[in-house]
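Right, one structure below, let's go through it.
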């Protein structure tokens, strides 16, 4: 069996998502060098971590985690850009497997009932053709054996890009742009709200404000990356 794998590898090599070099047979998605360039947060097993503290006094988050810090000109930023704008959806699979396994093995996240992504506005969805969180969320759903629910949280207003906005501008830009439907799907559930990048947290706040109106809902957060604030 290993011989067949080696033959297949010769003719159909895999390439690193970070630098495009040919991966070794023991590597998947990213080479060892690029993995070492990712600024890991280690939040999944850290109570009262940096991300959780950033929401104190704003919204009541049960648990929060991020895989990497989002830093300009660093590997995590490159991955997010490739995922969102170059349709490299295998990155979502890679990060979803990573996050799913981390959360599955964390005592802090044992009571999550379902996963809900931050949605795109329908017009942006049609233009892009996919939500960059779908592969991420579906792989997490697979590992955690809980549903991935896209029907509840809806973006009703197409906001301008959050890039290069300050905190006040971001909050203003996300006010009253999310609503909910089919509320019974998450009634009395502990929801894991997922996103790709959290900077000021304004988008998460806006999503929280919509979701928390549903009876019995509690909310935790998992994001691919977050800023150091």
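The values are calculated or read from the model by the stated rules, or taken from the named source; none is laboratory data. Treat the numbers as computed from the prediction; the structure is a model and nothing was measured. Using ideal geometry, Cβ is built from the backbone for each residue, glycine included, and neighbour counts are taken over all protein chains shown.
A few comments on the model shown:
- Filtered residue count, region 193-206, keeping only those that are touching a strand residue (DSSP E or B) at 6+ places or on another chain (Cβ under 9 Å) and more than 22 Å from residue 76 (Cβ to Cβ): 1
- Taking residues in region 105-130 that are within 18 Å of residue 52 (Cα to Cα), and partners anywhere that are exposed (fewer than 15 other Cβ atoms within 10 Å of the Cβ), the pairs with Cβ atoms closer than 6 Å and at least 6 places apart or on different chains are 106/45.
- For beta carbons closer than 9 Å, sequence separation of 6+ or different chains, a first residue in region 56-67 that is assigned by TED's automatic domain parsing to the domain that holds residue 102 and in a strand (DSSP E or B) and a second that is at pLDDT below 95 and crowded, with 23+ Cβ neighbours inside 10 Å, the qualifying pairs are 67/76.
- Residues in region 57-76 that are under 15 Å from the mean Cα position of the chain (by Cα) and under 20 Å from residue 32 (Cβ atoms): 67, 68, 69, 76.
- Top-ranked residue in region 46-64 [being surrounded by 14 or more Cβ atoms within 10 Å (Cβ to Cβ) and out of contact with any helix residue (DSSP H, G or I) (no Cβ under 7 Å at 6 or more places or on another chain); ranked as nearest to residue 98 (Cα to Cα)]: 46
- Spans of helices (runs of 4 or more DSSP H) in region 110-192 with at least 2 residues out of contact with any strand residue (DSSP E or B) (no Cβ under 9 Å at 6 or more places or on another chain), modelled with pLDDT of 95 or more and under 18 Å from residue 91 (Cα atoms): 134-144
- Some residue of region 79-95 being part of a loop (DSSP other than H, G, I, E, B), under 25 Å from residue 152 (Cα atoms) and touching a strand residue (DSSP E or B) at 6+ places or on another chain (Cβ under 6 Å): no
- Residue 96 being more than 19 Å from the chain's Cα centre (by Cα) and at pLDDT 90 or above: no
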